[in-house]
Amino acid sequence: MAAKEEGEGGCGSTGEDEMSVTFRIATAADDRDGPTAAISTCQFAAFRALLRDEGERSGIVLADPDPEEGGFLSNHLEARVCPLALATIARLFDYDEAVITVVEEAQFRRRRISVCPVNQAGVLAMRVALTSDLGHELDLASSNAFALLESLGLRPDSVGEIPVDAVRARLAHPAVRRRAAIEGTSVYLDRLDRLLTTADPDDAPRLEWA
């Protein structure tokens, strides 16, 4: 899932519970329905075990929530599939064509996959997630998100979008950097810079927040 804010009491934070705003990269592919695969709870449990074992072997976390933390009763999951071989995952699902299509698209777009329940009969849906493979999305408290938007010279709205090229142009402007240093939002600009590196210029990417 999206990278959470580190620490508490950041710029504009009141220290109390408040809504959050997530900044992410979106493309035209996100505006249409993507592929979906139906999997069983038994397949899901085996998939979680695979993610746990491969994560331990490679030293990286592949599942959110982590199987050790969330337990195997959880039926919601986001998983990194880019570090895994397609054949390894496909074999686990008996080479189901729908699963292969979902995983292939996720790997091509450098996205995670998400799994969530469809009905009470134990059927789960696997699809391409909104989260990038490396999880560079920014999940900020709304007050900090508004401060970031104002540093960029944008309206502090809870929902919006702007082309990635336009964001890069703003980040390159010295006045934006000076304003961020004064307002204490430079750390968020740095994280935004990192997020923008995941944008493929061929996909006409945009920065969305909601």
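The values are calculated or read from the model by the stated rules, or taken from the named source; none is laboratory data. The model shown is predicted, which means the values in this text are computed figures rather than measured ones. All Cβ positions, even for glycine, are placed from backbone atoms using ideal geometry, and neighbour counts span all protein chains on display. Heads up: the accessible areas ignore ligands, DNA and RNA and are worked out on the full protein's heavy atoms, side chains in. Shrake-Rupley method; radii C 1.70, N 1.55, O 1.52, S 1.80 Å.
Of all residues in segment 177-194 being among the basic types (Lys, Arg) and farther than 15 Å from GLU150 by Cα, which is surrounded by the fewest Cβ atoms within 10 Å (Cβ to Cβ)?
Keep residues of segment 177-194 that are among the basic types (Lys, Arg), which gives 177-179, 191, 194.
With farther than 15 Å from GLU150 by Cα added as a condition, the list becomes 191, 194.
Numbers: ARG191: 19, ARG194: 13.
If we take residues in segment 177-194 being among the basic types (Lys, Arg) and farther than 15 Å from GLU150 by Cα, then ARG194 is surrounded by the fewest Cβ atoms within 10 Å (Cβ to Cβ).
Confirm whether ASP200 is open to solvent by 30 Å² or more (accessible area, probe 1.4 Å) and under 21 Å from the mean Cα position of the chain (by Cα). So ASP200 fits the description; yes.
Please verify whether segment 91-105 includes one or more residues that are over 21 Å from PRO35 (Cβ atoms), loosely packed, with under 14 Cβ neighbours inside 10 Å and out of contact with any helix residue (DSSP H, G or I) (no Cβ under 9 Å at 6 or more places or on another chain).
At the first step, the residues of segment 91-105 found to be over 21 Å from PRO35 (Cβ atoms) are none.
Checked against the condition, which is being over 21 Å from PRO35 (Cβ atoms), loosely packed, with under 14 Cβ neighbours inside 10 Å and out of contact with any helix residue (DSSP H, G or I) (no Cβ under 9 Å at 6 or more places or on another chain), segment 91-105 yields no hits at all.
Hey, VAL21 hits all of (1) open to solvent by less than 20 Å² (accessible area, probe 1.4 Å); (2) at pLDDT 95 or above; (3) more than 16 Å from the chain's Cα centre (by Cα); (4) not polar (S, T, N, Q) but one; which does it fall short on? Evaluating VAL21 over (1) open to solvent by less than 20 Å² (accessible area, probe 1.4 Å); (2) at pLDDT 95 or above; (3) more than 16 Å from the chain's Cα centre (by Cα); (4) not polar (S, T, N, Q) leaves (3) as the failure. Can you give me the number of residues within segment 106-138 that are assigned to a strand (DSSP E or B), open to solvent by 20 Å² or more (accessible area, probe 1.4 Å) and not hydrophobic (A, V, I, L, M, F, W, C)? Of the residues in segment 106-138, 4 are assigned to a strand (DSSP E or B), open to solvent by 20 Å² or more (accessible area, probe 1.4 Å) and not hydrophobic (A, V, I, L, M, F, W, C).
Only one of VAL159, VAL118, VAL128 is β-branched (Val, Ile, Thr) and modelled with pLDDT under 95. Can you tell me which?
Values: VAL159 fails: modelled with pLDDT under 95; VAL128 fails: modelled with pLDDT under 95.
Just a single option satisfies the conditions, and that option is VAL118.
Taken over segment 147-176, residues that are more than 25 Å from ALA204 (Cα to Cα) and either surrounded by 15 or more Cβ atoms within 10 Å (Cβ to Cβ) or within 20 Å of the chain's Cα centre (by Cα) (or both) amount to 1.
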